[in-house]
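Contents: one structure, followed by commentary.
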Amino acid sequence: MHMQVHERIWHYLQQHRVASIVIGHVTVAGILGLLLVGNGLGMNIFGAFAQSPCSSSDHTYIVVSGDTLGGIASRYGTTWQRLTSYNHIANANMIYINQKVCIPGKGSVNNGPAPTKGKGNSFPYGQCTWYANQRFYQLHGVYVPWTTQSNAWQWTARANQFGWHVSSAPSVGAIVDLQPWVQGAYSLGHVAVVERVLQNGHVIASNMNWGAYYWKVTDVEFVPGPGVNFITY
């Protein structure tokens with residue numbers, strides 16, 4: 001009787017040992033597959049979300065909608081090949097919104113042609129786009145030049161196209177552009193104008209079409225970070 005029990009236990013352990021070995025091999029094969037993919041798509045995914053800080057001697061650029069590595073390189077007087085190598089980017093044609101790109105040696109900004117000035121304010125009165133354009137003109141004497149493809153979330157890409165400066169760092173008088181669903185913005189994004197930069201790095205921006213009293217100018221505190229860009233002429 002005891003011998004039969006021992007034999008059953010032994011067979012049970014042997015069966016589960018075989019199953020464990022099979023599962024172990026499948027797991028190892030899966031890990032090896034991921035490592036092989038890592039040189040392609042995987043490197044881009046992990047590179048976009050798990051990046052090391054840029055050196056203190058670098059300029060940190062945050063990728064926005066419409067950016068290409070070649071365009072970023074041209075702006076900072078370097079080449080896309082150098083940025084690809086310096087940032088360990090596996091595929092120069094695959095960069096991601098909010099991805100951090102380190103510009104070696106801070107990069108001397110290549111401004112190229114002078115940024116384009118607008119000729120007026122054609123945005124619908126009361127919209128955040130109308131107010132941001134009008135307030136920017138009050139402060140700087142310059143209207144934004146983009147009038148088409150110009151919902152709030154598109155302003156960052158349009159600013160790049162018209163030679164305006166886009167930064168992740170705030171400054172007084174800059175247009176702050178929030179991407180959709182960022183810090184209370186809706187599906188079309190939101191634009192406002194920075195009135196103050198606080199000691200903690202947050203900004204106080206004046207807005208229209210924000211909150212319950214959408215027809216009034218209100219001051220709102222925003223936080224620089226992913227999905228937030230600052231536009232200047």
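Things to note:
- Among residues of the range 159-181 being crowded, with 18+ Cβ neighbours inside 10 Å and of a type in the set (A, V, I, L, M), the one that is farthest from G66 (Cα to Cα) is A174.
- Test: V172 is of a type in the set (V, I, T), without any contact (Cβ under 8 Å) to a residue 60 or more places away in the chain and in a strand (DSSP E or B): no
- Lone unmet requirement of (1) in a loop (DSSP other than H, G, I, E, B); (2) within 22 Å of S65 (Cβ to Cβ) for Y125: (2)
- Residue check: T156 meets all listed conditions (1) surrounded by fewer than 19 Cβ atoms within 10 Å (Cβ to Cβ); (2) of a type in the set (S, T, Y); (3) under 11 Å from N229 (Cα atoms) but one, namely (1).
- Whichever residue in the range 177-209 is of a type outside the set (A, V, I, L, M) and assigned to a strand (DSSP E or B) and, among such residues, is nearest to T232 (Cα to Cα): D177
- Hey, T84 assigned to a helix (DSSP H, G or I) and within 19 Å of the chain's Cα centre (by Cα) or not: yes
- Pairs linking a residue in the range 208-229 that is within 20 Å of P180 (Cβ to Cβ) and of a type in the set (F, W, Y) to a residue that is surrounded by fewer than 21 Cβ atoms within 10 Å (Cβ to Cβ) and modelled with pLDDT of 90 or more, with Cβ atoms under 7 Å and 6 or more positions apart or on different chains, are W210/T218; W210/V220; F222/Q183; F222/H202.
- Count of residues meeting criterion [assigned to a loop (DSSP other than H, G, I, E, B) and touching a strand residue (DSSP E or B) at 6+ places or on another chain (Cβ under 8 Å)] in the range 128-167: 3
- Some residue of the range 141-151 being at pLDDT 95 or above, exposed (fewer than 14 other Cβ atoms within 10 Å of the Cβ) and at positive phi: yes
- Any hit, the range 65-72, residues being in a loop (DSSP other than H, G, I, E, B) and either in the same structural domain as S167 (by TED's automatic domain parsing) or at pLDDT 85 or above (or both): no
The values are calculated or read from the model by the stated rules, or taken from the named source; none is laboratory data. Nothing here was measured: the structure is a model prediction, and the numbers come from that model. FYI the Cβ positions are ideal-geometry reconstructions off the backbone, even for glycines, and counts take in every protein chain you see.
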